[in-house]
Amino acid sequence: MGKNIANTTHTFLFCDGGSCQKAGSEKVVRAARAYLRNNDLWDTVHTIKTRCNGRCEDAPTCIVNPGEYWYKELTADKIIPIVKSHIDNNLPVEANLLYKKEWDALKSNREIAPFKPKPFELKDDKELGECFITKGFSSDQYLYPLFLYLLENPKGVTLKMAHLKAMPFTEITAVNYAKTYTLELETATDCIPLTIAGVPKEDKELQKSKISSTEYFYQKNVNQTGIRFKNKFGEVIGIINFDSIDNLAWKYCTKIQLQNASQDLISL
Ligand code: FES
């Protein structure tokens, strides 16, 4: 039988993502769990290992409930007083906190400015000619939402995959992301695979099909906007075109995918 979580008084969510592991998170978890075991607290205090908490610069991190206290730069020595303080007094150890609800800002010693797409730049592109262009994000955390949005808002959107004929996005009937690396665009008769997750370095075939570069462009002379996907070797995987700069899905791209990087594009 599993643990009776109805008896839980406190929960410690230890980050077990890559950065926290590198920074020694396993030693922190082991120390905390050993303390709980030896102090007969195993049945009432719950510990969970999580994936990345989104604060890698403060690794190793952990979140404590109740209270939603975020801790930073943990070590095996620091965690024991923290565990004790929460269990014995329901109080955090302020010196090690990254954040608590009453604060209006984080207390990080290693804050890194978030990466934002650059504004559009005028370039003479080999394939697109003179156009305004910028790079967006190519991780699946951006590309999967992008294709879901296009599925819902396909008006005026065209997809041209390398080696395939251009097709209106209205022909896409479903967007599936159930495979490990591959998103699938389904049509009534076909399935177009797109590799969007991080792939193993040694798998050359997957590396070739993986979207590593996502460029957003505006060809002012033809009032055409679009997205170009390339692999890490600079080969074009596919292009999405929007019928104008006023296209709803293009506006979504500039707002959500490019985080308003193009606000003054219209006046260029
Ligand atoms: S890996 Fe722990 S916060 Fe990112």
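Run the Debye formula on the Cα coordinates of segment 5-99, all scatterers equal and no solvent, and tell me log10 I(q)/I(0) at q = 0.10, 0.12, 0.14, 0.16 1/Å.
Values returned for q = 0.10, 0.12, 0.14, 0.16 Å⁻¹ are -0.21, -0.31, -0.42, -0.56.
Tell me, what is a quarter of the convex hull surface for the C-alpha atoms of segment 128-194, in nm² with one decimal?
Directional mean of the projected Cα hull area for segment 128-194 stands at 5.6 nm².
Tell me, what is the per residue accessible area of the chain in Å², probe radius 1.4 Å?
Value returned for the chain: 56 Å² of accessible area per residue.
How about LYS220: which aspartates and glutamates have a C-alpha closer than 19 Å to its C-alpha, ignoring those fewer than 8 places off in the same chain?
Within the straight-line limit of under 19 Å, LYS220 reaches these aspartates and glutamates: GLU121, ASP124, ASP125, GLU127, GLU130, ASP243, ASP246, ASP264.
Can you pull a Stokes-Einstein diffusion coefficient for segment 51-115 at 25 °C (0.890 mPa s), Rh from Kirkwood over Cα pairs, as a whole number of µm²/s?
200 µm²/s
Could you work out how far helix 76-89 tilts from the main Cα principal axis of the chain, as a 0 to 90 degree angle to the nearest 10?
70 degrees
Could you point to the residue in ASN96, ALA76, HIS86 farthest towards the positive end of segment 5-99's charge dipole, with +1 and -1 charges on the Cβ of Lys/Arg and Asp/Glu respectively?
Result: ALA76.
Between Rg and the Kirkwood Rh of segment 1-45, both from Cα atoms, what is the Rg to Rh ratio? Spell out each step's value before the answer.
Values: Rg = 12.2 Å, Rh = 11.7 Å.
Answer for segment 1-45: 1.04.
Once you charge only the Cβ atoms, +1 for Lys and Arg and -1 for Asp and Glu, what is the size of the charge dipole of the chain about its Cα centre, to the nearest 20 debye?
520 debye
Have a look at LEU13, ILE196, ALA166 and report the one farthest towards the positive end of the charge dipole of the chain, computed about the Cα centre with Cβ charges (Lys/Arg +1, Asp/Glu -1).
Farthest along the dipole direction, towards plus: LEU13.
Could you work out how far the C-alpha centroid of segment 157-215 sits from that of segment 114-146, in angstrom?
So the separation of the two Cα centres works out to 18 Å.
In deg cm²/dmol, rounded to 500, what helix-only [θ] at 222 nm does the chain give when every DSSP H run of at least 4 residues adds -39500 (n - 2.57) and the total is split over its residues?
-6000 deg cm²/dmol
Aspartates and glutamates near LYS27 by alpha-carbon distance under 17 Å, same-chain residues fewer than 8 away left out - which ones?
List returned: ASP16, ASP58, GLU73, ASP77.
Most mobile of PRO119, PRO154, PRO60 per a Gaussian network model of the chain (Cα springs, under 10 Å)?
Looking only at PRO119, PRO154, PRO60, the biggest GNM fluctuation is shown by PRO60.
Taking a 24 Å limit on the Cα-Cα distance, which of the listed pairs LYS78/LYS116; LYS22/LYS116; LYS160/LYS210; LYS3/LYS107; LYS230/LYS251 fall beyond it?
Listed pairs above 24 Å: LYS78/LYS116; LYS22/LYS116; LYS3/LYS107.
Where Rh denotes the Kirkwood radius from the mean inverse Cα pair distance, what is Rg over Rh for segment 187-253?
Working: Rg = 14.3 Å, Rh = 13.5 Å.
We get a ratio of 1.06 for segment 187-253.
When the expected Rg is taken as 2.2 N^0.38 Å, what fraction or multiple of it is the alpha-carbon Rg of the chain?
Working: Rg = 24.0 Å, N = 268, 2.2 N^0.38 = 18.4 Å.
So the chain has a normalised radius of gyration of 1.30.
Using the crude model of +1 on Lys and Arg Cβ and -1 on Asp and Glu Cβ, and no other charge, please compute the dipole size for segment 1-147 relative to its Cα centre, in debye to 20.
440 debye
Lone cysteines in the chain, defined as no other cysteine's Cβ under 4.7 Å from theirs: which are they?
CYS52, CYS56, CYS62, CYS131, CYS191, CYS253
Regarding segment 121-267, what is the average projected area of its C-alpha convex hull, in nm²?
8.6 nm²
The values are calculated or read from the model by the stated rules, or taken from the named source; none is laboratory data. Because the structure is a prediction, the values reported are computed rather than measured. Positions of Cβ are backbone-derived with ideal geometry, glycine not excepted, and every protein chain shown enters the neighbour counts. Ligands, DNA and RNA are stripped out before the accessible areas are found, and what is left, the full protein with its side chains, is counted by its heavy atoms. Shrake-Rupley method; radii C 1.70, N 1.55, O 1.52, S 1.80 Å.
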